[in-house]
Every structure is written in C-alpha cells, then in structure tokens.
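Reading through the structure tokens given below for one structure.
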Amino acid sequence: MNVRTRKIAVLAATALIGSLGLTACSGNDGGVKKADPAGSAPVADLSGSIAGSGASSIESATTAWTQNFKALNPQAQVTYDAIGSGKGRDQFLAGGVAFAGSDAALKPEEIEKAKQRCFGGNAVDIPVYISPIAIVFKLDGVKELNLAPATLAGIFNGKITTWNDPAIAADNPGVELPATAIVPVHRSDKSGTTENFTEYLSATAGDAWGHKASGTWPMDGGQSGEGTSGLISVVEGGNGTIGYADASKAGNLATAKIKVGDAWVGHSAEGAAKAVEVSPRVEGRSEHDIALELDRKTTEAGAYPLVLVSYMITCDTYEDANNAELVKGFAKYVVSEAGQKASQELAGSAPLSEKLRGEADKAIDAIKAKG
C-alpha cells in the first residue's frame, strides 16, 4: 500500500470511527439523519450505487469522499471517473451519470438542456471544493518567480518566448534568468481549470491576452497534456516548461507568485477562500443554483484570485427515488465538516465557509424524486 492509499484509508477509518459516536435527531431529512451539533459527518442508512464523472482537479478529494461515504454506508457505493469537467458535464446532461464534478458552473444553454434530463426540474451547481490554481514551472536553476498577469498572458500566447525576456526580468529584479526557451503547456481536453485560468487572464491581463474565457484552449499548437495529471507530466518532463493546475497536483514542481494589487501572492488555500468570500453569486439562476461570479480583479489583502471552485452538479429532481436519496446522502457528506476536512487534509483545499455550506445544505435538501 503506497503512502497516498494509506492516507485515504486512514481518512476513511477516521470517518467511520466518528460515525459511531453520532447522535441522530428525531427527524429524517430525505433519508439522511442529522449530524450531531459538533458538525460530525451525516449518517445515513443507504444502499445501492450511483456514478459521477468530471473534473480531474477533485480526483484526490473525491477518492477520499467516496471511500469515507462507503465506510459510513456499507451498502452504498459511489464511483467517480475523472475525465475532465467538460466531458463530465456532457455525460451528466446525457443521463449517463447521476452527478458531475466541474470546475466551471453550467452555462445557460446547459441549464436549459438539463430540464429534460432532470425530469422537468433543474440542474444545480453546488460548490464542494475551493482550491488555488498553481502556476507550475520547471526551469533549471530557478525555484521562485513572480509573474504579473500581463507577463503570464505573454508567456501563454507565445509572445514571450525566453525566460530572460525583459518582462519576466522586470517582475523578478535580482534573479538570474537563463535564455532558455519557454515551453508553455496547456490542457488538451475541455477543462474547467482551463476555463478558470483563461477567465483570470481575460479579466486581469488586458490587451496582453486578447481571448475570451474558454474551457477549450483558445489557440492551436503548443505542448499539451490530457487531464491535470497529463499536464503535470509534460511540465515535469521538460526544462523551461510552465503550466497551470490545481495546486493539489503541483507535487515537487516550482510555483510562481502572481500580482494582486501591489503585492506578490503565492497560492494558498486561505488565499483562495478569501477570493471566493468576496465573490458574488451569478444572477438569474434558480433558487438553489449556487454558481459564483469569481472576482478575479480583487485587491483584497491576502486573496489569491487565480482560484477554482469545483461544483457537484446534480438534478433537483430524479426519476428514481433511491438514486435521489443516494445523491442527496453523498452530497450531504461532501459538504459536511467531516467531508470538507477530508478534502483539506488530502488535497489541501479550503473548506467551505459556514455561509456557503448552509446554502449548499439547502440546495441538497431540495433534491427529490419526481412525483
């Protein structure tokens, strides 16, 4: 058993032990008994299986969530295929999976398409995971870099081609930069991480970027990798390489600081959480859709606006009552204090705030079977 597997097993065991001490309230909320006031994991008596697919950024967290949920509900099983946000949303809308994981909220046209898939109800975006996107790089002899938004844009659109370019030097006074060629690496698949990264550049880099936010990389050519692990592998395998990925997957790669206001800020769960905290909800959504309009331009001290929020996309109405209860029970665990702690310990994510967790709980409470 490797270190990562052992850690997940320990988390599962911890969740199971914690469940033994729970005191259920007299009410029953959609089959999910209320957790004790201390905020332990919800307990349920659930059976059957459901599948989800989507964002690779939450793969580590979802492994912990599904194993811990299984420990709490031995007769239930949740599987998750980390195929990327875009493919996950497509599978969900086609009815192939019960839920999707996505680093980008549903588009208006996807919401409309989901009405049939959700049996006349709505698809909803429920935030479950907050994490910084790290700018990862591998450059012999250089372990720390500052990169302003316009500099990042120039690197990734191919206008800045060597590491000793004056724009990079201006961001890094006193750092000896080699003349090594820059090899920018992007995701080859449709990706929520790409959408968040291009949205950040579009909002902050001005004319230096010149592209709209998109889950598909907006330019042809260049080095690429499929999924988060594929991108990381390409960056690790070269010299002068640079890419973007959920910070939990950065591993031993160096990461750059970004400019927020007049400060250089490194990625952190706390900084990501602060950026989310100052971001409003997307307007015009259904009551329980918690899509967030991330404030990429914030100058809030300590905020790290190159952040992704991963959503668990579900229907509020399912055809099968047991599937509805399983989705509801699993989602309850994921947003619980125990579920968020498991993600924080394994993937370094920021836990949902009390306010956001409360909104998520209300959305989950509304999940039902058609009747």
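At a glance:
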item	result
Some residue of segment 277-295 being more than 30 Å from Glu359 (Cβ to Cβ) and surrounded by fewer than 22 Cβ atoms within 10 Å (Cβ to Cβ)	no
Strands (runs of 3 or more DSSP E) within segment 120-202 that include 1 or more residues acidic (Asp, Glu)	123-138
Residue identified as acidic (Asp, Glu), farther than 15 Å from Ala134 by Cβ and over 16 Å from the mean Cα position of the chain (by Cα) among Glu283, Glu277, Glu236	Glu283
Inter-residue pairs, beta-carbon under 6 Å, first within 14 Å of Ala208 (Cβ to Cβ) and hydrophobic (A, V, I, L, M, F, W, C) and in segment 152-166, second modelled with pLDDT of 95 or more and outside any loop (DSSP other than H, G, I, E, B), 6+ apart	Ala153/Leu201; Ala153/Ala208; Ile155/Pro184; Phe156/Pro184; Ile160/Gly154; Ile160/Ala167
Evaluation of Pro305 against (1) within 12 Å of Pro132 (Cβ to Cβ); (2) surrounded by fewer than 23 Cβ atoms within 10 Å (Cβ to Cβ) (one fails), failing number	(2)
Residue within segment 24-39 that is buried (at least 19 other Cβ atoms within 10 Å of the Cβ), modelled with pLDDT under 95, polar (S, T, N, Q) and not in a strand (DSSP E or B) present	no
Residue under evaluation Thr162, criteria (1) hydroxyl-bearing (Ser, Thr, Tyr); (2) farther than 20 Å from Leu308 by Cα; (3) surrounded by 21 or more Cβ atoms within 10 Å (Cβ to Cβ), criterion not met	(3)
Flag if Ser224 is out of contact with any Leu (no Cβ under 8 Å at 6 or more places or on another chain) and either outside the structural domain of Ser85 (by TED's automatic domain parsing) or not hydroxyl-bearing (Ser, Thr, Tyr) (or both)	no
Residue check for Thr63: touching a helix residue (DSSP H, G or I) at 6+ places or on another chain (Cβ under 6 Å) and outside any loop (DSSP other than H, G, I, E, B)	yes
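The values are calculated or read from the model by the stated rules, or taken from the named source; none is laboratory data. Just so it is clear, the model here is predicted, and its values are computed rather than measured. Because the Cβ atoms are built from the backbone with ideal geometry, glycine has one as well, and the counts that use them run over all protein chains shown.
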